[in-house]
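Written below as structure tokens is the structure these notes are about.
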Amino acid sequence: MQKYLVPILAGLGAAVVAGALFGALLGADILTYFMGAFVGFFTFYILANLAGNRKVAMASVADRDQAAKLEPVAGKVLLCVYREGFVGSAAGLNISVDGNDLAQLKSPRFTCVTLEPGAHSLTAAFGGFAGPQNKPTLFEFQAEAGAVVAVKVAIAMGMLRNSLTFARAADIEPLKTKLAMTQMVVAAPL
């Protein structure tokens, strides 16, 4: 509840200020109060959706450039998870591998981690007020030593509830160029 305190106070403040401005410009009537309330609710809604965001460590340019080459360590699997697109881009998406927190990605950003060969599960879910609006999603994959698994996470808009989708890249060559120009989030140690 404490993480929603700032959005609530900001929404109330925006409603009061907008209501006063609309009242001064258009005259005080019921419509100006509704307009002020709408601005306040909209402010709360946007800030509450971002309440699940957390501070993340960004990789250096050199580390990003090395990771963008998508070269796995001998005998291991390289997992690259990336986001792109505008919808929900400011809301941090929590990524977990095999039940362990990996990173939080806004859009456009990516992260990479080295895994042991075998079966793995990748989970994505939003935090904050955006969490209940989007279904958490599970992606299971099998990878052999020396493999590169590049997975794009996107939002599929729904009528009442959005869902997250995973798409495994079939060809990683075009992705290398894209990642070389994208910010990289440092993955948590697994």
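The values are calculated or read from the model by the stated rules, or taken from the named source; none is laboratory data. Since the model is a prediction, treat every value here as computed from it, not as a measurement. No Cβ is skipped: glycine too gets one built from the backbone with ideal geometry, and neighbour counts run over all protein chains shown.
List the helices (runs of 4 or more DSSP H) that sit entirely inside the range 1-75 and contain at least 1 residues that are of a type in the set (A, V, I, L, M, F, W, C) and touching a strand residue (DSSP E or B) at 6+ places or on another chain (Cβ under 7 Å).
Values: elements: 5-26, 30-49, 61-67.
Ranges flagged: 61-67.
Could you please let me know if Leu138 is free of Cβ contacts under 8 Å to residues at least 24 places away in the same chain, part of a strand (DSSP E or B) and over 26 Å from Gln2 (Cα atoms)?
On the way: free of Cβ contacts under 8 Å to residues at least 24 places away in the same chain: yes; part of a strand (DSSP E or B): yes; over 26 Å from Gln2 (Cα atoms): yes.
Spelling it out, Leu138 is indeed free of Cβ contacts under 8 Å to residues at least 24 places away in the same chain, part of a strand (DSSP E or B) and over 26 Å from Gln2 (Cα atoms).
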Check your understanding: Before we move on, is Gly40 more than 30 Å from Ile172 (Cα to Cα), small (Gly, Ala, Ser) and touching a Lys or Arg at 6+ places or on another chain (Cβ under 8 Å)?
Key -> no
Check your understanding: Looking at the range 79-115, which of the residues that are among the hydroxyl-bearing types (Ser, Thr, Tyr) and not in a strand (DSSP E or B) is modelled with the highest pLDDT?
Key -> Ser107
Review point. Only one residue in Leu175, Leu190 is assigned by TED's automatic domain parsing to the domain that holds Leu115 and outside any strand (DSSP E or B), so which one is that?
Key: Leu175
Review point. Counting just the residues of the range 55-98 that are among the hydrophobic types (A, V, I, L, M, F, W, C) and under 14 Å from the mean Cα position of the chain (by Cα), which one comes out nearest to Cys112 (Cα to Cα)?
Key: Val81
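Taking the conditions exactly as written (over 24 Å from Ile46 (Cβ atoms), touching a Cys at 6+ places or on another chain (Cβ under 8 Å) and surrounded by 14 or more Cβ atoms within 10 Å (Cβ to Cβ)), does Leu175 satisfy them or not? Let's see the steps before the verdict.
Details: over 24 Å from Ile46 (Cβ atoms): yes; touching a Cys at 6+ places or on another chain (Cβ under 8 Å): yes; surrounded by 14 or more Cβ atoms within 10 Å (Cβ to Cβ): yes.
Yes; evaluated as a whole, the condition is true for this residue.
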Study note, to complete from the structure: Within the range 106-150, restricting to residues that are more than 29 Å from Tyr45 (Cβ to Cβ) and among the small types (Gly, Ala, Ser), the one that is surrounded by the most Cβ atoms within 10 Å (Cβ to Cβ) is Ala150
